[in-house]
């Protein structure tokens, strides 16, 4: 398909973990069989709690990490095995924005140098006008070109990070927790900026975040990860209004709402996320699920369309039925 | 409101640094009654954490603290460290944001909870340990007697935060100060911890001071709210006053900037331009004026005159520090 | 624990390989030197005939590789040089035979080790106590006069050559003040008091030199440690300052200190060369230096291997102690 920007086919990423010198290394199944497509113009929200593998998946998708198994396709082309110099044209189409702008910007480089680096990696020399245009796109000004990262606030640094990613005119930005290090008032500025850039430049996003409210604000489509697998995906409105997977339902119900007196039917999950070293058999969520039955332990459920929808899919033997109205 | 257990009046904290004095908290008042929850809300640099450390007497030696801190009417500020030590962890206890770093990695959790007990009770180690196990069990650590011998790194994030809460509650404190207690936790675990704190309050009548930037958590658990900006109180009132009758442009801005998970998204979030000021940036006028969208309605006064807290319509003692006398209309 | 046993076996096997490689390297280096041990042994006047005889007796007429293999075989089975009545036996484990000293290397090492060990262990206890306490004091008084003083002592210790300090101590305390003996060694078994009396000056000299790095390490680690969140937790629990520092702070400081200590001690047990020379003590260092001067390859190889073994052993012990001190390591 021509409008497929990014496709992940049965991607797995295992890490070796060695705790103590006298113990054997164990495999951490950070990503354990994920199929995912990002189409042109859409914003995919990739949500999950810590240890769900969402950040690892983002890094595999941008080819910063090699998958242990599976395929990464960019623009319909298999790029799983592409390495080194030949990765450059791919990097040009997909750029990444990181969580901590403090750590991802070189403190010894001026903003002009930071913004020129991606150009030079592509063998290009940017003009000053190009750099100024980039800064203006993210709400900064020409005078900022000669400054260094420490002279900026957290929000401004994140803008620089976004400008750097935009410099090579990518089709897709993969943003890993782009606002979680920012204050509330600044977080809103950056979220609005991302929305504006999408409208102006026709960008697509993969937005990796743990904050479900942030993701709802900008995403068209949602994929929910749990223990390295996608347990539910679909159009944002459908997933948020009538989650099909018990995990999604519990997750959404746990988010506090900034309005006193709103009573929410909260499902408080017991226990913690199991370790990805030794995930449960069958459905990874079954150990904490309020609906789990014997069958859940036997075989891992696959993503299947939810009743009444083709786009909305969940990996569950006992999905919640779709509701026509929002539950209060 | 019932008699407050902890009252703070006109608290000032100034750090002396190489670049001269840096004021971090510039005259705030708050009070909390038994069983009640006061939320102190603010962004980085607002002075919310410094205020709580000042109450505990935990600030470094270069901090100059003035004002009144009254526990049951007894002045704490200025007490010698030895006297304060008897109050810390006993009458006023604290729960920190990051449980992994707040726990000592070299000692078992049972030992650490027992230590908190023995610091204020002259009892044999065995008795303290029994008390620790009992407390760990109470905060929901499964198989507490056995797990007491485990070390912090052997627990998950949520369980570690439970340990920290057990440690804070072991002496039945009158006041519990929780500094962003769930910020480092996943949302499903956050729900567990908030429920635990709520249960504890019901059972022991503990007064809770919750320091948070998350308005969702605040809306859910707080009775009263104090909004801080640049070391000063911007607004205070009951939780409904703040969320339904916000009188300060900053509070209003914060509310508009919060995305919500339970309703379809607005096309754009309301934003506050600029960034929160760093500590020590003193203005003669209103500290929020440079970022305020309403300053043109007032004029010069915002720059020249510092607004004091004045009463606003509401349920209780709703006050805001803004020259704009009426409630600001929402500007998008 | 079986994991630990396997770990030990793997590490010891690794150590064996390292020592094999090392012994080969020492052999090759000594045979590359254009000097002939047989020539020295043959005495003056030396006829070609007698030289050949000496060479044959010392088994130097064989190829380098063969000599090396003989050496390895000797460790397992012992060796015999020459034959008939003139034969010299070196029982297994034979790490070579010193012709100039007419003794097996193993005996030489076991004879000299107590002297070196007495110097090293005594000094080690002193410098550990001295270094860690001064480091803690410096950290607690950061920037004040006590801190400057301790850092000054550390700097002086690091920059003073050991022979200078040693000679100075002998001059002042031995000759001018006549307080302590200036040289010689009395075995512990003979008279513990005399033993300590003869050793006290080298202990102090060595301790001053070594303590320097411990003061600096302890100070910087303690300063880092005191900034950690769990130290704030300890204060918030109501712990007094002494408890905060000694119970909560020191534990984390000890981990790197013990690492350094193990390696230093391991290195020193292989011979405190300069100290032994200055105080005229016939320890391992003295043995090694004389052997180098006389091209006594067997002794050089033996002592080098023994020192290497001690350092490898120290590393292993440090790793295990690290696991005991830090539960995060041992419990995975």
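Details
- Among the candidates B:8, B:55, B:22, B:50, residue that is in contact with a helix residue (DSSP H, G or I) (Cβ under 7 Å, 6 or more places away or on another chain) and either modelled with pLDDT of 90 or more or not in a loop (DSSP other than H, G, I, E, B) (or both): B:8
- Set A:212, A:227, A:197: member being within 23 Å of residue A:286 (Cα to Cα), more than 11 Å from chain B (Cβ to nearest Cβ) and either out of contact with any strand residue (DSSP E or B) (no Cβ under 6 Å at 6 or more places or on another chain) or modelled with pLDDT under 95 (or both): A:227
- Applying the criterion of at least 1 residues that are without any contact (Cβ under 8 Å) to a residue 60 or more places away in the chain, within 14 Å of chain B (Cβ to nearest Cβ) and in contact with a strand residue (DSSP E or B) (Cβ under 6 Å, 6 or more places away or on another chain) to the helices (runs of 4 or more DSSP H) found wholly in region C:206-305 leaves C:229-237.
- Residue in region A:271-290 that is nearest to residue B:143 (Cα to Cα), counting only those that are surrounded by 16 or more Cβ atoms within 10 Å (Cβ to Cβ) and modelled with pLDDT under 90: A:272
- Every condition in (1) buried (at least 24 other Cβ atoms within 10 Å of the Cβ); (2) under 30 Å from residue C:132 (Cα atoms); (3) at pLDDT 80 or above is met by residue C:299 except one, and the failing one is (2).
- For region B:22-40, filtering for residues that are farther than 13 Å from residue B:230 by Cβ and in contact (Cβ under 8 Å) with a residue 40 or more places away in the chain leaves 11.
- Qualifying residue in region C:109-118 (condition: at pLDDT 85 or above, over 30 Å from residue C:201 (Cβ atoms) and within 28 Å of the chain's Cα centre (by Cα)): no
- Residues (closer than 10 Å to residue C:233 by Cα and over 21 Å from the mean Cα position of the chain (by Cα)) located in region B:76-104: B:104
- Restricting attention to region A:158-188, the residues that are in contact with a helix residue (DSSP H, G or I) (Cβ under 7 Å, 6 or more places away or on another chain) and assigned to a loop (DSSP other than H, G, I, E, B) add up to 8.
- Residue within region B:176-183 that is facing another protein chain (nearest Cβ under 8 Å), assigned to a loop (DSSP other than H, G, I, E, B), closer than 20 Å to residue B:98 by Cβ and within 15 Å of the chain's Cα centre (by Cα) present: no
- Whether a residue is free of Cβ contacts under 8 Å to residues at least 24 places away in the same chain and more than 26 Å from residue A:197 (Cβ to Cβ) was assessed, and residue B:224 does not pass this test.
- Qualifying residue in region B:194-205 (condition: under 17 Å from residue A:50 (Cβ atoms), assigned to a helix (DSSP H, G or I) and either within 14 Å of chain A (Cβ to nearest Cβ) or without any contact (Cβ under 8 Å) to a residue 12 or more places away in the chain (or both)): no
- Restricted to region C:245-274, and to residues there that are more than 30 Å from residue C:285 (Cα to Cα) and buried (at least 20 other Cβ atoms within 10 Å of the Cβ), the residue that is modelled with the lowest pLDDT is C:252.
- The C-beta contact set for region A:28-50 (first residue more than 14 Å from chain B (Cβ to nearest Cβ), second residue outside any strand (DSSP E or B) and surrounded by fewer than 18 Cβ atoms within 10 Å (Cβ to Cβ), distance under 6 angstrom, 6+ apart or interchain) comprises A:28/A:277; A:39/A:3; A:40/A:3; A:42/A:220.
- Looking only at region A:236-261, and only at residues there that are assigned to a loop (DSSP other than H, G, I, E, B) and under 30 Å from residue B:315 (Cα atoms), the one that is modelled with the lowest pLDDT: A:261
- Applying the set (1) more than 8 Å from chain A (Cβ to nearest Cβ); (2) within 28 Å of residue B:16 (Cα to Cα) to residue B:275 leaves exactly one unmet item: (1).
- Residue C:225 falls short on exactly one of the conditions (1) surrounded by 15 or more Cβ atoms within 10 Å (Cβ to Cβ); (2) at positive phi, and that condition is (2).
- Taking region C:1-76 as the region of interest, the helices (runs of 4 or more DSSP H) fully inside it that hold 1 or more residues being within 14 Å of chain A (Cβ to nearest Cβ) are C:2-32.
- Of all residues making up region A:121-150, the number that are more than 28 Å from residue A:89 (Cβ to Cβ), in contact with a helix residue (DSSP H, G or I) (Cβ under 7 Å, 6 or more places away or on another chain) and loosely packed, with under 15 Cβ neighbours inside 10 Å: 3
- Only one entry in B:142, B:173 is part of a loop (DSSP other than H, G, I, E, B) and more than 10 Å from every other protein chain (Cβ to nearest Cβ), namely B:173.
- Test: residue in region B:145-168 that is more than 12 Å from chain C (Cβ to nearest Cβ), free of Cβ contacts under 8 Å to residues at least 60 places away in the same chain and not in a helix (DSSP H, G or I): yes
- Test: residue in region A:164-179 that is surrounded by fewer than 24 Cβ atoms within 10 Å (Cβ to Cβ), at the interface with chain B (Cβ under 8 Å from one of its Cβ atoms) and within 23 Å of residue B:256 (Cβ to Cβ): no
For (1) in contact (Cβ under 8 Å) with a residue 60 or more places away in the chain; (2) outside any loop (DSSP other than H, G, I, E, B); (3) within 9 Å of chain C (Cβ to nearest Cβ), each residue gets a yes or a no:
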{"position": "B:59", "(1), (2), (3)": "no, no, no"}
{"position": "B:65", "(1), (2), (3)": "no, yes, no"}
{"position": "B:78", "(1), (2), (3)": "no, no, no"}
{"position": "B:90", "(1), (2), (3)": "yes, no, yes"}
{"position": "B:94", "(1), (2), (3)": "yes, yes, yes"}
{"position": "B:107", "(1), (2), (3)": "no, no, yes"}
{"position": "B:113", "(1), (2), (3)": "no, yes, no"}
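- Residue match in region A:65-72 (condition: more than 28 Å from residue A:198 (Cα to Cα), surrounded by 21 or more Cβ atoms within 10 Å (Cβ to Cβ), more than 14 Å from every other protein chain (Cβ to nearest Cβ) and at pLDDT below 95): yes
The values are calculated or read from the model by the stated rules, or taken from the named source; none is laboratory data. Owing to the predicted nature of the structure, the values given are computational and were not obtained by experimental measurement. Backbone-built Cβ (ideal geometry, glycine too); neighbour counts: all protein chains shown.
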